[in-house]
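The values are calculated or read from the model by the stated rules, or taken from the named source; none is laboratory data. As the structure is a computational prediction, the values presented were derived from the model and not from experiment. When we count neighbours, we look across all protein chains shown, and the Cβ atoms used for this are built from the backbone with ideal geometry, even at glycine. Surface areas here come from the heavy atoms of the whole protein model, side chains and all, with no ligands, DNA or RNA. Shrake-Rupley method; radii C 1.70, N 1.55, O 1.52, S 1.80 Å.
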Amino acid sequence: MLVALPVALLAACSSGSPSPAGSSASTPASAPAVPTPVGSASPMPTVTGDFGSKAAITIPAGQQPSGQYVVHTVSEGDGATVAKGDWVTVNYTAKDWTSGKDLASSYDSGQKPQLYQAAGGQLVPAFDQSVLGKKVGSRQLVVAPPAAAFGAQGNSALGVGAGDTVVFVLDIMESVPQDSTIAGTITQPPAGSPQVKDNGKAAPTITVPPGPPAPPADLQKFVLVKGDGKQVQSGQTLVVQYTGVLWSNGQQFDSSWSHGGAQALQVGTGSLIKGWDQGLVGQTVGSRVLLVVPPSLGYGDKAQSSVPANSTLVFVIDILEAV
């Protein structure tokens, strides 16, 4: 129902120069099948540097790649295991084996990590599949033949030639399952404001004030659970769970729980209703926030499906990640 929420997903995950992952759509039907990954195949590149910093990738001098799709754990983390559908945050370093050129890296100035759903089919297989079953905190070396990278056509925007083998080093920074929610004791808003009941893994229950009284004219925001993560910045992509009800009658009109769980969206860029942009920038990851959004910061005098014109909207939003 929220025009920009469910749809503002992978396309907005990166900014600046193109990223290796975000530059490829889902694999065309005519593309060759992705080979089964192996843990090692001679010859192998070498990797130096620590997890969480740009890697140095050295290609074996004068040697051609094996042609196999290699997913090798350089160092294993101790975090959660990445499952299909998890929202995973990955920093990456990349090098074209065929040309020997370094490619764009998320560690470069002005770049961001790649945020995507593991095995979601939206990115090149070297990103899409190689994180499955791996632990957060791990560094993965991926040798991607064309079928697992940019195919026979290459990627001119990145400087990857037709049929080139690409080497990636992926640092798995975070993983958020789709059923994630914010836990903790709720600090209720003052009397006369909507009240919230936690329901564990299910959508929270929002109860509007009895009557209800006249809605507030300005945006109201209440931190129900204060997270201790990083502060949300304008332009970031957030992973959130949310549910929304009408102030007028308490009727739910949208919820992430109704369409697959945690969603990704870009905040502070005008792609969301103004109440979200103003209410979420400056909050911290790990927070559960209640927003009461007047019509002027919502949909105004335009009806939207089950939302009548001039509606005041009430949301509970769990901020699970910010990239």
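Which ³J(HN,Hα) values, rounded to whole Hz and listed in residue order, are derived for the range 176-189 from phi using the Karplus coefficients 6.51, -1.76 and 1.60 in 6.51 cos²θ - 1.76 cosθ + 1.60 with θ = phi - 60°, glycine and proline given as x?
Per-residue couplings from phi come out as 10, x, 5, 9, 5, 9, 8, 9, x, 6, 7, 8, 6, x Hz.
Convert 37 °C to kelvin, take the viscosity as 0.692 mPa s, use the Kirkwood radius over C-alpha pairs of the range 160-215 as Rh, and evaluate the Stokes-Einstein diffusion coefficient in µm²/s, rounded to a whole number.
Numbers: Rh = 16.1 Å.
The Stokes-Einstein estimate is 204 µm²/s.
For every other residue with a beta carbon closer than 14 angstrom to the beta carbon of V90, add +1 if it is Lys or Arg and -1 if Asp or Glu, then tell me the sum. The partial results should precede the final answer.
Details: positive: K54, K112, K134, K135, R139; negative: D86, D128, D171, E174, E321.
Charge balance in the 14 Å sphere: 0.
Starting from the Cα of K135, draw a straight line to each of the aspartates and glutamates and keep only those under 20 Å, dropping any in the same chain fewer than 8 residues away.
By straight Cα distance, K135 reaches D50, E76, D78, D86, D171, E174, D179, E321.
Looking at the calculated P(r) for the chain, what percent of the C-alpha pair distances fall above 28 Å?
44
Give the accessible surface of the range 185-245 per residue, rounded to a whole number of Å², with probe radius 1.4 Å and ligands, DNA and RNA excluded.
Solvent-accessible surface per residue comes out at 51 Å².
Taking K221 as the anchor, which lysines have their alpha carbon closer than 26 Å to its alpha carbon, excluding any fewer than eight residues away along the same chain?
Counting by Cα, and skipping residues close in sequence, K221 has these lysines nearby: K197, K201, K230, K274, K302.
At 1.4 Å probe size, with the rest of the protein present, what percent of the exposed accessible area of the chain is carbon and sulfur atoms?
Using a 1.4 Å probe with all protein chains present, the chain comes out at 51 percent carbon and sulfur.
So what does V176 come to for accessible area, using a 1.4 Å probe and Å² rounded to 10?
10
Would you mind listing how long the range 71-156 runs along its three principal axes, going by Cα atoms, in whole Å with the largest first?
36, 27, 24
Starting from the Kirkwood radius over alpha-carbon pairs of the range 123-276, derive D by Stokes-Einstein at 20 °C in a medium of 1.002 mPa s and give it in µm² s⁻¹.
Translational D for this selection: 111 µm²/s.
How big is the accessible area of D179 in square angstrom, nearest 10, if you roll a 1.4 angstrom probe over the protein chains?
Around 80 Å² of this residue is reachable by solvent.
May I ask you to list the lysines whose Cα is less than 19 Å away from that of K134, ignoring any residue fewer than eight positions away on the same chain?
Filter leaves K84.
If the chain between Q63 and D301 were fully stretched, how many nm would it gain, using 0.36 nm times the residue separation less the Cα-Cα distance?
Stretched out fully, the Q63 to D301 stretch lengthens by 79.1 nm.
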